Amino acid sequence: MSGGWNTIESDAGVFTFLIESLGVQNVQFEELISLDPESLQELNPIGVIFLFKYPTGEKAAKDKPLDGEFDYAALEGAEEEDGEPVWFAAQTIQNACGTQALLSVLLNKDGEAEEESGKITIGPNLKEFKDFTSAFPADLRGEALSNSDLIRDVHNSFARSSPFVSDETRLATEEDDVYHFIAYTSINDTLYELDGLQPAPIRHGDPGACPSEIFADAVVPVLKRRIQRYPQTEIRFNLLAMCEDLRIKAREIGDTALLAREEEKRRGWRWENALRRHNFVGFVGEVMKGVTGLKVREGTHEVWIEEAKAATRKRVDERRAKGGGGGGGGDEMDVS
Amino acid sequence: MSSTPLITFKAGKCVSANRKVRPDPTPGYLYIYSEDDLLHLCWRPRSAPSTDPELDLLMIPGDGTFHPLVKNPGAEAVESPTNGRIFVLKFSSSSQKYYFWMQSAPQHKEGNHAWFSQRDQRIGQVVDALLQGEDVDVEEEERAIREAGGGEGNGGADGDADAMEVDQENGLTRQGSGGAGQDATGGDPREEGHSSREGGADGGRAPQDTNDLVQNFLRSIQSGPQSSSTTTRSPQQPADKPYTTLPDLLTPATTIPFIDSATPSQVDNLCAYLPPDLFLLHQASTTTPSSSDPNPTPAAAQAAIDALSSDQKKDILKKALRSPQFTQSLGSLTVALRDGGLPMIGEALGLK
């Protein structure tokens with residue numbers, strides 16, 4: 001049971017508009033094509049979202065993570081000089097994990113964007129959610145997230161277009177891959193990995209050793225070590241950097257070319273989201289009628305159906321021969 | 001729902017008005033489940049989730065009876081005095097009655113829609129036995145029902161498997177007859193039998209009305225290949241091989257030439273079914289589109305569409321037809337059809 005949360009794609013456009021709809025200002029996502037510190041630094045990232053195919057074989061280590069250290073103390077924020085406690089939630093709903101990863105960065109970066117560097121304006125909705133859950137333990141925060149109508153509704157509005165809500169409906173063209181999202185960010189000048197399936201935030205490196213300015217440099221080797229854990233051929237993963245709206249920088253430095261590119265990118269995102277949220281049933285019906293009418297007039301109606309049948313049969317046979325492997329979503333990344 | 005239903009079969013509800021009882025055309029399921037030693041007899045429309053029945057009657061074992069409504073009690077042929085097969089639910093504790101009509105394909109050789117076949121009677125008997133509090137091995141009964149065959153001959157369709165369908169609560173695999181079956185059109189019980197004759201005729205006869213064609217095609221997606229020689233579908237077979245899928249039919253190679261050859265009025269008609277934002281975005285002088293959810297007024301949306309030339313509209317249509325979002329929706333629509341959404345889709349497509 002999905003608990004009412006649908007799957008969303010890990011796409012920079014989807015994530016950007018999703019957080020905007022929640023009230024976050026001036027933050028966008030950018031897909032990373034290569035994992036090198038220089039290009040990441042260019043973006044001045046606030047955090048990084050890492051999506052990977054969740055290996056069901058690998059168990060969540062209970063006492064020690066495979067890399068880094070569990071930092072339970074960070075959840076408490078005991079001492080005043082430790083800074084704010086880390087906002088961390090346990091994941092309760094599989095399909096919500098993308099949004100959860102986003103929130104785990106956003107809610108730790110809440111502040112006055114103009115006055116403090118590295119902070120962002122998260123907006124009243126998320127502020128309220130953060131305050132509401134500030135005293136909760138991690139698992140209760142996760143529950144609160146999965147029960148939040150606002151967040152769930154915004155999340156679902158970016159879900160794949162499905163004309164019918166049915167628990168039994170499965171996309172015939174998809175594999176049943178389980179993807180997992182985790183976030184990396186610098187909090188209290190420390191590099192943290194935030195994974196809702198782990199019992200606590202995972203600290204990489206020493207406390208205080210990672211101010212936001214060097215986040216890009218610090219996170220790349222950690223990501224590389226992570227990626228190397230998986231067999232090179234198998235893994236599909238995706239890396240998205242969260243950063244300030246790039247158009248702001250473009251306007252500030254007067255880079256008209258960059259500004260134009262970013263505007264163009266936004267229009268593309270808007271186009272995709274319009275289609276994503278659209279219920280195509282009516283359109284499909286009209287197209288079917290129109291195409292059928294045309295084929296009948298041309299006398300090619302039966303040939304058309306036969307060719308489609310053959311294509312279906314071929315695909316089913318191929319898939320059966322392959323044993324149903326391969327396929328799935330996510331973009332491959334070049335790590336060189 | 002806390003437990004899976006003991007038995008489920010396709011049935012419609014009836015509404016009583018003034019001493020007259022009329023069947024409601026909504027396709028639905030009648031099902032029984034047991035919770036805390038109490039039985040629930042439920043009815044829901046097929047489009048509703050299984051946790052949301054419209055009717056949920058708490059039945060004390062022994063209180064309710066479930067029998068066919070027969071016109072000649074005691075006669076050998078069991079048939080209702082109507083044009084459909086009616087069951088009546090009665091209570092010993094009250095005079096209230098509920099009527100339901102069977103929505104599966106009637107199995108009478110000559111198309112007498114009021115006649116209860118062996119299978120139909122057995123379904124009623126299982127329900128009645130459950131209501132009496134008897135321990136019924138429903139799986140055994142269902143197997144027997146399936147093996148009993150169609151009685152007096154079958155209309156060419158897999159009549160047995162489609163009458164009863166045990167809801168899969170976790171929905172991971174669908175076995176057996178993928179859903180509502182051919183006759184999920186609802187409506188007049190009289191029509192139920194027709195579809196089994198027309199449905200498979202896609203390749204066979206000269207197609208006339210495009211609406212009929214599309215409807216036939218949609219129906220045939222549900223029931224699997226009609227023209228193939230193998231008619232039996234074993235429940236073990238995972239996911240019926242679809243006749244074909246919408247993504248295979250509506251490939252860009254097919255849809256793009258269609259758009260190219262479409263008339264301006266066809267183009268305008270199609271544009272009305274796309275999100276207005278696509279046309280707003282196409283405007284040359286767009287103000288900074290920083291908002292993710294512009295929400296244009298209908299007037300603004302129409303103005304945006306009107307401002308474009310027919311060629312520009314065709315470009316937008318073609319771009320949409322090539323988009324991954326469109327292809328995904330074809331895939332999910334195919335699956336939804338296979339799982340039994342025909343009545344809703346038929347309405348949505350304005351085919352009726």
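Tally up the residues in the stretch A:33-52 that are more than 25 Å from A:GLY111 (Cβ to Cβ) and either in contact with a strand residue (DSSP E or B) (Cβ under 6 Å, 6 or more places away or on another chain) or not assigned by TED's automatic domain parsing to the domain that holds A:ASN156 (or both), please. So the answer is 3.
Residues in the stretch A:164-214 that are modelled with pLDDT under 85 and away from chain B (no Cβ under 14 Å): 3 in all.
Within the stretch A:271-300, which residues are part of a helix (DSSP H, G or I) and among the polar types (S, T, N, Q)? Within the stretch A:271-300, A:ASN273, A:THR292 meet the criteria. Considering only residues in the stretch A:250-302 that are basic (Lys, Arg) and within 7 Å of chain B (Cβ to nearest Cβ), the one that is farthest from A:SER21 (Cα to Cα) turns out to be A:LYS289.
The set of residues from the stretch B:29-41 being free of Cβ contacts under 8 Å to residues at least 24 places away in the same chain and surrounded by 17 or more Cβ atoms within 10 Å (Cβ to Cβ) comprises just one member, B:HIS40.
When A:GLU81, A:GLU128, A:GLU116, A:GLU112 are checked against the criterion of being assigned to a helix (DSSP H, G or I), at negative phi and at pLDDT below 85, a single residue qualifies: A:GLU81.
Inspect all residues belonging to the stretch B:56-70 and state whether any of them is under 22 Å from the mean Cα position of the chain (by Cα) and of a type outside the set (S, T, N, Q). Let's see the steps before the verdict.
Our first condition is that a residue be under 22 Å from the mean Cα position of the chain (by Cα); within the stretch B:56-70, this holds for B:56.
Next, only the ones that are of a type outside the set (S, T, N, Q) stay: B:56.
Within the stretch B:56-70 (the criterion being under 22 Å from the mean Cα position of the chain (by Cα) and of a type outside the set (S, T, N, Q)), the answer is yes, since at least one residue qualifies.
Any residue that is under 18 Å from the mean Cα position of the chain (by Cα), closer than 20 Å to A:SER104 by Cβ, aliphatic (A, V, I, L, M) and assigned to a loop (DSSP other than H, G, I, E, B) - is there at least one of those in the stretch A:195-218? For the stretch A:195-218, residues under 18 Å from the mean Cα position of the chain (by Cα), closer than 20 Å to A:SER104 by Cβ, aliphatic (A, V, I, L, M) and assigned to a loop (DSSP other than H, G, I, E, B): present.
Residues in the stretch B:307-343 that are modelled with pLDDT under 75 and at the interface with chain A (Cβ under 7 Å from one of its Cβ atoms): B:ALA336, B:ASP339, B:GLY341.
If you go through the stretch B:55-66, how many residues are assigned to a loop (DSSP other than H, G, I, E, B) and crowded, with 16+ Cβ neighbours inside 10 Å?
Count: 1.
Taking residues in the stretch B:67-95 that are outside any strand (DSSP E or B), and partners anywhere that are hydroxyl-bearing (Ser, Thr, Tyr), the pairs with Cβ atoms closer than 8 Å and at least 6 places apart or on different chains are B:LEU69/B:SER80; B:LEU69/B:THR82; B:LEU69/B:TYR99; B:VAL70/B:SER80; B:LYS71/B:SER80; B:SER92/B:THR65.
Quick one: is A:ALA241 more than 10 Å from chain B (Cβ to nearest Cβ) and among the aliphatic types (A, V, I, L, M)? Lay out the reasoning, then the answer.
Numbers: more than 10 Å from chain B (Cβ to nearest Cβ): yes; among the aliphatic types (A, V, I, L, M): yes.
In short, yes.
The values are calculated or read from the model by the stated rules, or taken from the named source; none is laboratory data. Just so we're clear, the structure is a prediction, and the values are computed from it rather than from any experiment. Cβ: placed from backbone, ideal geometry, glycine included. Neighbour counts: every protein chain shown.
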